[in-house]
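Participant: I have a structure I would like to understand better, so I am pasting it below and will then ask my questions one at a time.
Nothing in this text is a laboratory measurement; each read-out follows from the coordinates by a stated rule. Treat the numbers as computed from the prediction; the structure is a model and nothing was measured. With ideal geometry, Cβ positions are generated from the backbone for all residues, glycine too; neighbour counts draw on all protein chains shown.
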Amino acid sequence: MSTAMSAAAPALPRERVTTARTAVFVVFALAGLVFASWAARIADTKVALGLSAGELGATLLAASVGSVTGLPLAGRVSGRIGAGRTVTVGAGVSLVGLLATGAVVDAHGSRFLVMAGLFLVGLGVGLWDVAMNLEGATVERELGSSVMPHFHAAFSGGTVLSALVGAGMSAAHVPLTLHFAGAVLVTVAGAAWALPRFLPRAAEDEPAGAEGVAPPRQRSAWLEPRTLLIGVVVLAAAFTEGTANDWLAVAFVEGHELPAWAGVLGFATFLTFMTVGRLVGTHLLDTRGRVPVLRVSFGLAVLGAALVVFGADWLAFVGAAVWGIGAALGFPVGMSASADDPQRAAARMSVVATIGYVAFIAGPPLLGFLGDHVGVLHALLVVGALAVLALSVVPSVREPEGRPAAQRRAAPAAGGPVG
């Protein structure tokens, strides 16, 4: 961090930054809780509304469209009102959508009303997602240590707990409305504690030029080759992760002919091992570097998907675990890579996140279309094609000067981050 940046944004007390780090953990975990509350009941929704695989894919598309609508706006909204308030707005919109979706499904209402509710969920999550990642990048810079994978591990942890609760709710045939209302109450309580503890907005602002002079206008992040290639990596990572999120439970139920609660447990297995991968992955990233770690990760994702598709029932659970480890690091590493330069972090992260979420637009209908023709289980093999694409552009996330993050932080510049 430059001396000019330090003058524009004085270093905060370490205790203040660590408190903000905990708050970001909580907000990521709450985002995971909300997401998995819906994901855990997708199979129940399919049955309740009598949807085919293709119809379910089109229905899930509504949430993806909502997300991609919110993502390009999130950077600008955060710049105007701050990351904390943007998370508040996004969470409010997504929770209203979640409750509306549950009510329509329980009433066996129109699929198009469900899509409207899911659009709100996606729109709110899009704003929420970028804003919490921006806050996470700010905390990461202030701490001077790599913590972004841990924030995403908190998200995964929230999804694991929520998926386990969802499995119980599904097995007990609890209405979606009651299930989602409980998730809303927990989220509101957690956010009320965490959001006031985010860093002050001054820490989020892009640094000014020397002696307060505005920096020269820079070209759009959409025109930067490295940013676009990082976006492709995140696109493949999001598809690898999102395919499991949307379809793994359904594939266990329809492909392996297991009960709905067992399908949710397969989904929970994936989420559990993805969380573990994110917790232990930081050390590997710091010691081995981003590129070799991601190459192994995408390879494991392909292996895990193959075991789910071709393995016996018990081996499919092993495959879900391997797939989860393989899907753990692509998204958080891509977000960190987009924020390597703090002066351009907001613009680049918004672009990378938008490209990445295209996977959530293309994924549901693509898997639904393939599912109608070859079955949902075999449709999961498309994960391999995206992994090959990711492997070809993984070098774009390489650390500046080609050195692992731990080495870069070993000797911070004068006026550098706290700690």
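Participant: Quick one, can you get me the convex hull of the C-alpha atoms of the range 303-375 expressed as volume per residue in Å³?
Facilitator: Cα-based convex hull of the range 303-375, divided per residue, equals 80 Å³.
Participant: While we're here: Among Leu12, Leu95, Leu56, which one shows the biggest mean-square fluctuation in a GNM of the chain, springs joining Cα atoms closer than 10 Å?
Facilitator: Residue with maximal mean-square fluctuation among Leu12, Leu95, Leu56: Leu12.
Participant: If you don't mind, another one. Where Rh denotes the Kirkwood radius from the mean inverse Cα pair distance, what is Rg over Rh for the range 57-128?
Facilitator: Rounded to two decimals, Rg over Rh is 1.05.
Participant: With helices defined as uninterrupted DSSP H runs, which ones in the chain have an alpha carbon span along their own long axis of at least 24 Å and mean Kyte-Doolittle hydropathy of at least -1.0?
Facilitator: 14-39, 53-81, 83-106, 111-143, 148-171, 176-194, 225-255, 260-288, 290-310, 345-374
Participant: Using +1 on the beta carbon of Lys and Arg, -1 on that of Asp and Glu, and nothing else charged, what's the dipole of the chain about the Cα centre, debye to 20?
Facilitator: Once rounded to the nearest 20, the dipole reads 880 debye.
Participant: Something else: In whole percent, what relative contact order does the chain give with Cα contacts below 8 Å and a gap of six or more residues?
Facilitator: 27 percent
Participant: Under a no-solvent Debye model with one identical scatterer per Cα of the chain, what's log10 I(q)/I(0) at q = 0.06, 0.10 Å⁻¹?
Facilitator: At q = 0.06, 0.10 Å⁻¹ the computed log10 ratios are -0.22, -0.62.
Participant: If you don't mind, there's one more thing I want to ask. When the helix-only estimate is applied to the chain (DSSP H runs of n ≥ 4, each -39,500 (n - 2.57), divided by the residue count), what is the mean residue ellipticity at 222 nm, nearest 500 deg cm²/dmol?
Facilitator: Calculated from helices alone, the mean residue ellipticity at 222 nm is -26500 deg cm²/dmol.
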